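What follows is a short report on a single structure.
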Amino acid sequence: MNKKIFGIMLVFSFVLIFSGCGSNQTDGKKEINNAVGDAVKDAKVDSATTPLKESREECMTGCVMLWKNNKDNAAKTEDEMNKYCNQLCDAGQGMKNLDPESCAKGEGAYKETCYLNVARDTVDAGLCEKIEKEPFRSTCYRDISVKNGDKALCEKVTIKYIKDSCLKK
């Protein structure tokens, strides 16, 4: 199950990254979007029927339960489980509560996705600077530029097709 949760987080990240890219995608981008769609189908999670956790404690309980029920985790340590679940739940709470401090507790895709979503929702371009990886950071600047009309933020976008979509909005 942990692969499903991680897969969903990655799918969510890619969906965010490629949102608003326009219909003039190259074949490579179309292939990525198709792969994202396939991953969503493979995860077999229906967001309309999967309830969101109301608290961090509930998130941790659910994460631990899923972790322990996944046979692929049998050889992993409790420390690995705790690290994984803490990062996942911190990112979820950070996005839910618009709390960048919770985002900072994570690593990798969890941290990047959390900062991206909090920055978008609060229209805080300063949070984009905390995002380490492209295209998360470029997407962040583009989305905030679109929301607040500040075209100067487009100059911070380093990926051409995201920058082009930023300047068009």
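Computed quantities for the displayed model
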| read-out | value |
| --- | --- |
| Given LYS83/LYS105; LYS105/LYS133; LYS111/LYS147; LYS76/LYS105, the pairs whose alpha carbons are separated by over 19 Å | LYS111/LYS147; LYS76/LYS105 |
| Amide hydrogen neighbours beyond the local backbone of ASP99, cut-off 5 Å, H modeled | none |
| Tensor-based shape of the range 100-165 (alpha-carbon gyration tensor, a/c under 1.5 rounded, otherwise prolate or oblate) | oblate |
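Read-outs: derived from the displayed coordinates by stated rules, not from any lab. Treat the numbers as computed from the prediction; the structure is a model and nothing was measured.
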